[in-house]
1. State all residues of the stretch 71-97 that are assigned to a loop (DSSP other than H, G, I, E, B) and at pLDDT below 90; if no residue qualifies, say none.
2. In the stretch 111-141, which residue that is assigned to a loop (DSSP other than H, G, I, E, B) and open to solvent by less than 90 Å² (accessible area, probe 1.4 Å) is farthest from residue 93 (Cα to Cα)?
3. From the residues in the stretch 146-198 that are modelled with pLDDT under 80 and small (Gly, Ala, Ser), which one is most open to solvent (accessible area, probe 1.4 Å)?
4. Just name the residue that is least open to solvent (accessible area, probe 1.4 Å) out of those in the stretch 8-62 that are of a type in the set (Asp, Glu) and within 19 Å of the chain's Cα centre (by Cα).
5. When you look at residue 89, is it in contact (Cβ under 8 Å) with a residue 60 or more places away in the chain, within 30 Å of residue 28 (Cβ to Cβ) and open to solvent by less than 100 Å² (accessible area, probe 1.4 Å), yes or no?
6. Under 6 Å between Cβ atoms, at least 6 apart or on separate chains: pull out the pairs that start in the stretch 147-176 with a residue that is assigned to a loop (DSSP other than H, G, I, E, B) and end on any residue that is of a type in the set (D, E, K, R).
7. (1) modelled with pLDDT of 90 or more; (2) within 30 Å of residue 10 (Cα to Cα): which one isn't true of residue 110, the others all being true?
8. Specify which of the listed residues (165, 132, 136) is farther than 22 Å from residue 96 by Cβ and of a type in the set (Gly, Ala, Ser).
Amino acid sequence: RTRRGLPRGAYIRSFTRVLDLLVSRAPVDRPLELVTDNHPAYRVALSRHRMQHRFRHQVYPNPPRGPKGSPRSRAAILRDREMFAVDLLHGLIRHSCAHHRRETIAFSRRLNALLERGFLLAAWRNFVKTRSERRSGAPTPAMVLGLARQPWEWPRVLARRLFSSQIPLPPAWRTIYRREWETTVVAPRWRHQLENAV
């Protein structure tokens, strides 16, 4: 059974968690470049954030588009250039994850499951997949940042189990790890509880 609509302020709370995570991970001696479209929740969340002075926010609204194949306007060209990284990731998610395709029977019913797969995709995108499919020996994003010396393979990604009790995690990540994230539009919201575990 589903319920239409999201809880009031859901986008603002979600984007606030992103801002908190960025602030906690970024160096304090330089501003954070934040590039978004014109969703109103982004402006509201940023205006209320305690560290809003650390962000340099650039907004590129999604301009009206003509029929497929028609010339892009100057505003559309600018928006596509500045939002290229976001659009590329969005395309990779749609291409690589069955639950994100437009027509699918593999859709995720629970946000927790969707977010868990998102973490796997982040590991693949940054440590396994190279930045270029055309150039042999191209580095991964993690290699460019100095986080890895060579592309990882899945046996290395999954070689060791990491425990949330031993690694500091943002509160939202810990909630996902414990499978406590509730999907408010799905009811009833049951949680798996170990009743017969020893």
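1. 97
2. Ranking the candidates gives 137 first.
3. 197
4. 37
5. Here the answer is no, as residue 89 does not meet what is asked.
6. Here the result reads 164/174, each pair linking the stretch 147-176 to a residue that is of a type in the set (D, E, K, R).
7. All conditions are met except number (1).
8. Matching residue, one of 165, 132, 136: 165.
The values are calculated or read from the model by the stated rules, or taken from the named source; none is laboratory data. It should be emphasised that the depicted structure is a prediction, and the values quoted were computed from it without experimental measurement. As a convention, Cβ positions derive from the backbone with ideal geometry for all residues, glycine included, and neighbour counts pool all protein chains shown. The accessibility values were calculated without ligands, DNA or RNA, using every heavy atom of the protein model including side chains. Shrake-Rupley method; radii C 1.70, N 1.55, O 1.52, S 1.80 Å.
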